[in-house]
Every structure is written in C-alpha cells, then in structure tokens.
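S.K.: Can you read through this structure? Questions will come right after.
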Amino acid sequence: MSTVSTTADDILACARALIIAGGYNGFSYADIADVVGIRKPSIHHHFASKVDLVRTLVARYREEAQAGLSALERNVADPAEQLKSYVAYWEACIKDATAPFCVCALLASELPILPEEVAHEVRAHFRSLSSWLAAVMERGKRQGRLHLSGTARVEAEGFLATVHGAMLSARAYGDPKMFGTITRPLLDRLSTRH
C-alpha cells in the first residue's frame with residue numbers, strides 16, 4: 001500500500017511543479033509519466049482525469065496551507081509577527097526556488113479556463129486564506145499591534161493581493177529579491193512601530 005501512496009504522491013508533486021512552471025494547460029499525463037518514470041495508464045489508475053488530478057492537488061495544497069497556518073498560530077502569538085512569518089515563508093520559498101509561486105494564485109489567473117471542480121477548490125483556498133488574514137488583522141488591531149487603514153477584511157484582501165503580486169513581480173523580473181522589495185513596505189505600513 002505504501003507504494004501506491006508514494007506513486008500518487010510522486011504524481012501530485014510532479015503535477016504541482018509542472019503547474020507552477022506552465023499553468024494548468026502547460027502539462028500532460030505524458031509529461032508526468034516522463035518525469036516520474038511510469039506509464040500514462042499508471043497515472044490514470046490513480047487519477048482518472050487531469051481534472052481529478054488537479055482538483056486533488058489543490059485540495060491537498062489547501063490542507064497543507066491550513067496546517068501551516070495552524071502551526072503558525074500555535075508557534076507565534078503576536079499578529080504582526082504572524083504576518084511577518086507568513087511573508088518570510090514565501091520569501092524563503094521564492095529565494096531557494098522550493099515553491100517559487102503559490103499554486104492557487106497561479107491557477108486563479110487561469111480561472112476562466114479551469115474546469116469548475118478545480119476552480120471551486122482554488123476559490124475555497126482564497127476564501128480560507130483571506131479569512132485567516134482578516135482574523136489576524138482584527139486581532140492585531142485590537143491588541144494595538146497592527147495599524148489598519150480600512151476594515152480587517154479589506155486589509156486582508158490587500159495583503160493577499162500584494163503578496164501574490166510580489167510573487168508575480170519576482171517571477172517577471174527573474175529576481176527573487178523583488179518579493180521582499182514589494183512586501184517590506186506593506187509590513188512596515190501595518191506595523192504600529194513606525
């Protein structure tokens with residue numbers, strides 16, 4: 001049974017890397033078969049269709065993100081530090097190229113062409129992340145740790161858009177440092193320690 005799970009995990013990891021590199025339509029089962037070293041029918045054994053594969057990938061990505069945010073909540077009490085840690089996570093991933101782009105952010109740019117099952121998972125990721133950010137913003141405002149210009153919900157959406165835009169700029173310029181160049185002023189603006 002562990003071989004089955006490992007093969008499925010390998011397929012998902014490969015699909016994730018291929019989506020980050022080229023989007024939803026930027027890969028096929030043949031590409032995965034070549035990278036993973038299996039035949040296409042083996043992929044179909046695990047994931048009947050590309051829709052099933054990518055929907056499963058995004059659902060798993062959402063679970064990983066939720067687990068990461070939960071761990072951040074447990075390990076970092078201060079809301080301002082939680083935001084800094086979230087940004088630092090992405091900055092490190094972009095710098096060392098382990099995860100140079102959020103899979104859901106990339107797929108969100110392709111929503112008009114995505115199958116509805118995949119689009120639903122992508123939207124759910126954005127709603128979940130936005131809700132977490134809004135809760136952090138609200139807590140930070142109440143504790144006097146964050147300075148908000150608007151409502152927590154509006155600030156959360158702006159924060160999310162800035163982080164994803166910074167990922168895009170880092171990619172467009174081929175410069176991982178661009179991410180920090182864009183996100184540092186955001187964190188500074190939110191900080192109550194100017």
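S.K.: Sort through L72, L107, L114, L57 and tell me the only one that's without any contact (Cβ under 8 Å) to a residue 60 or more places away in the chain, surrounded by 14 or more Cβ atoms within 10 Å (Cβ to Cβ) and under 18 Å from A15 (Cα atoms).
M.R.: The match here is L57.
S.K.: Moving to a separate point now. Would you say E63 is acidic (D, E) and either farther than 30 Å from R145 by Cα or open to solvent by less than 70 Å² (accessible area, probe 1.4 Å) (or both)?
M.R.: It is false that E63 is acidic (D, E) and either farther than 30 Å from R145 by Cα or open to solvent by less than 70 Å² (accessible area, probe 1.4 Å) (or both).
S.K.: Further question on the same structure: Please give the number of the condition V136 fails out of (1) in contact with a Pro (Cβ under 9 Å, 6 or more places away or on another chain); (2) β-branched (V, I, T); (3) open to solvent by 80 Å² or more (accessible area, probe 1.4 Å).
M.R.: Only one criterion is unmet by V136, namely (3).
S.K.: Next question, about the same structure. Spot the failing condition for T7; the list is (1) without any contact (Cβ under 8 Å) to a residue 60 or more places away in the chain; (2) within 30 Å of A152 (Cα to Cα); (3) surrounded by 14 or more Cβ atoms within 10 Å (Cβ to Cβ); (4) not hydrophobic (A, V, I, L, M, F, W, C), and only one is missed.
M.R.: For T7, the exception is condition (2).
S.K.: Could you tell me whether the stretch 128-145 includes any residue that is basic (K, R) and touching a Ser or Thr at 6+ places or on another chain (Cβ under 8 Å)?
M.R.: Among the residues of the stretch 128-145, at least one is basic (K, R) and touching a Ser or Thr at 6+ places or on another chain (Cβ under 8 Å), which makes the answer yes.
S.K.: Select from the stretch 81-104 the residues that are surrounded by 15 or more Cβ atoms within 10 Å (Cβ to Cβ) and among the acidic types (D, E) and list them in ascending order.
M.R.: E81, E91
The values are calculated or read from the model by the stated rules, or taken from the named source; none is laboratory data. Treat the numbers as computed from the prediction; the structure is a model and nothing was measured. Neighbour counts run over all protein chains shown; Cβ positions are idealised from the backbone, glycine included. What goes into the accessible areas is simple: the full protein's heavy atoms, side chains included, and nothing from ligands, DNA or RNA. Shrake-Rupley method; radii C 1.70, N 1.55, O 1.52, S 1.80 Å.
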